[in-house]
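Have a look at the structure below, then the notes.
The values are calculated or read from the model by the stated rules, or taken from the named source; none is laboratory data. Keep in mind it's a predicted model, so treat the numbers as computed, not measured. Here the Cβ is made from the backbone with ideal geometry for all residues, glycine too, and neighbour counts use every protein chain on show. Side chains included, ligands, DNA and RNA excluded: accessible areas come from the protein's heavy atoms. Shrake-Rupley method; radii C 1.70, N 1.55, O 1.52, S 1.80 Å.
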Amino acid sequence: SFSFVASREFLDKRGRPASPDELEGAPLLAYTFLHADGVLPVQGEQGRKVVRFVSVLQSANETLLHHACLHGMGFTFLPKWLVSDDLAVGRLERVLPDKLFFAGKLLAVYPSRKYLSLKVRSFLDFIARDARLK
């Protein structure tokens, strides 16, 4: 799963948003294939809405997005496993954890269902189960 994060220094300068409305026009470090347009769905008190960010960096490399976030370039969604140490020591902070969610799709491409290897089948089952638990 993913966390919406920003660096402590970035949040100290910009302020910590109390609602999704305060994120309108904010800088976003965007994962190219998921939200490169800077538009993210959010769940708030008034229901689901869209927040329009300004994409300041687009990359398909989460390590690059992670380093840019650590250096205060903006907000981003990153895998929890990648940011867990930074969250624990306070280099990064989760932003609006109950109001923002990751709404990307994960597609699995494989040659055929016929004679599917046990490794591939196990991975597909794991991903499907994890997605249902969210």
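Rolling a 1.4 angstrom probe over the protein chains, ignoring ligands and nucleic acids, what is the accessible area of L70 in square angstrom, nearest 10? For L70, the solvent-accessible surface is approximately 50 Å². The value for the stretch 13-92 of Rg(Cα) / (2.2 N^0.38 Å) is 1.09.
Estimated at 0.36 nm per residue, the fully extended path between E22 and K119 surpasses their Cα-Cα distance by 30.5 nm. Exposure check, 1.4 Å probe, all protein chains in place: S84 carries approximately 60 Å² of accessible surface.
Short-range pairs are left out: with C-alpha atoms under 8 Å and at least six residues apart, the relative contact order of the chain is 34 percent.
Could you order the peptides 118-128, 71-81, 11-21 from most to least packed, using the average number of other C-beta atoms within 10 Å per residue?
On the way: 118-128: 10.9, 71-81: 18.5, 11-21: 13.4.
Averaged packing, sorted descending, gives the order 71-81, 11-21, 118-128.
The Rg/Rh ratio for the chain, using Cα coordinates for both the radius of gyration and the Kirkwood hydrodynamic radius, is 1.03. Computed in the context of the full set of protein chains, the accessible area of the chain at 1.4 Å probe radius has 55% of its extent on carbon or sulfur.
For the chain, the solvent-accessible area of protein heavy atoms averages 65 Å² per residue (probe radius 1.4 Å; ligands and nucleic acids excluded).
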